[in-house]
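Participant: Below: one structure in structure tokens.
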Amino acid sequence: MDLQITCINKTNRQDPHDRIHSVGGENAGSRWKKSQATVISEIEARTNTFYTRVNGVRANVIVATHNGHKYIKTENDGLHPNNLLSLPECP
């Protein structure tokens, strides 16, 4: 499935690579929410793909690694996951 991420939940950590706890969105009228670890597993297993829209342009979510720690970011981001971190908090 191709899922659009429209919101995130952050941790209290200051490291941008470790700030995203979970992400969420809506699919076929139902809200969904997944932990960052689940999203990483689903991307790596090619079970689901994820994306966000930045200024109306699709930005695919990928798995990146920093200092041995896996995290998610969009292809359009540099080292920091700014496109995801700028999304509103999930309910």
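Participant: Once every DSSP H run of n ≥ 4 in the chain is given -39500 (n - 2.57) and the sum is divided by its residues, what mean residue ellipticity at 222 nm do you get, rounded to the nearest 500 deg cm²/dmol? Intermediate values should be presented prior to the final figure.
Facilitator: Working: 2 runs with 13 residues, N = 91.
Mean residue ellipticity at 222 nm (helix-derived): -3500 deg cm²/dmol.
Participant: Considering only DSSP states other than H, G, I, E and B, which trypsin sites (Lys or Arg not before Pro) in the range 38-87 qualify as loop sites with at most 12 other Cβ atoms within 10 Å?
Facilitator: Values: sites: Arg46, Arg53, Arg58, Lys70, Lys73; in loops: Arg46.
When the trypsin sites (Lys or Arg not before Pro) of the range 38-87 are filtered for loop state and at most 12 Cβ neighbours within 10 Å, Arg46 remain.
Participant: Accessible area per residue for the chain in Å², computed with a 1.4 Å probe and the full protein assembly in place, what is it? Each step should come with its number before you reach the end.
Facilitator: Values: 5170 Å² over 91 residues.
With all protein chains present, the chain gives 57 Å² per residue.
Participant: For an R0 of 25 angstrom, estimate the FRET efficiency from the Cβ-Cβ distance between Thr65 and Thr11 and round to the nearest 0.05.
Facilitator: Details: r = 18 Å, r/R0 = 0.72.
Efficiency computed from Cβ-Cβ geometry: 0.85.
Participant: If the only charges are +1 at each Lys and Arg Cβ and -1 at each Asp and Glu Cβ, what is the size of the charge dipole of the chain around the Cα centre, to the nearest 20 debye? Spell out each step's value before the answer.
Facilitator: Details: 11 positive and 9 negative charges, 25 e Å.
For the chain, the charge dipole is close to 120 debye.
Participant: Using a 1.4 Å probe on the protein chains only, how many percent of the accessible area of the chain belongs to carbon and sulfur? Don't jump to the answer; show the numbers that get you there.
Facilitator: Working: 2380 of 5170 Å².
Ligands and nucleic acids excluded, carbon and sulfur reach 46 percent.
Participant: Could you run the Karplus curve 6.51 cos²θ - 1.76 cosθ + 1.60 with θ = phi - 60° over the range 29-42 and give me ³J(HN,Hα) per residue in whole Hz, x for Gly and Pro?
Facilitator: x, 10, 7, 10, 8, 9, 5, 4, 4, 5, 4, 4, 4, 5
Participant: Shape verdict for the chain, please, from the Cα gyration tensor: rounded (a/c under 1.5), prolate (a/b greater than b/c) or oblate. Write down the numbers at each step before the final one.
Facilitator: Details: a/c = 1.36, a/b = 1.27, b/c = 1.07.
Rounded is the answer for the chain, as its axis ratio a/c remains below 1.5.
The values are calculated or read from the model by the stated rules, or taken from the named source; none is laboratory data. These numbers were taken from a predicted model, which means no experiment stands behind them. Please note: Cβ atoms are built from the backbone with ideal geometry, for glycine as well, and neighbour counts cover all protein chains shown. Remember, those area values only see protein heavy atoms, side chains included, never the ligands or the DNA or RNA. Shrake-Rupley method; radii C 1.70, N 1.55, O 1.52, S 1.80 Å.
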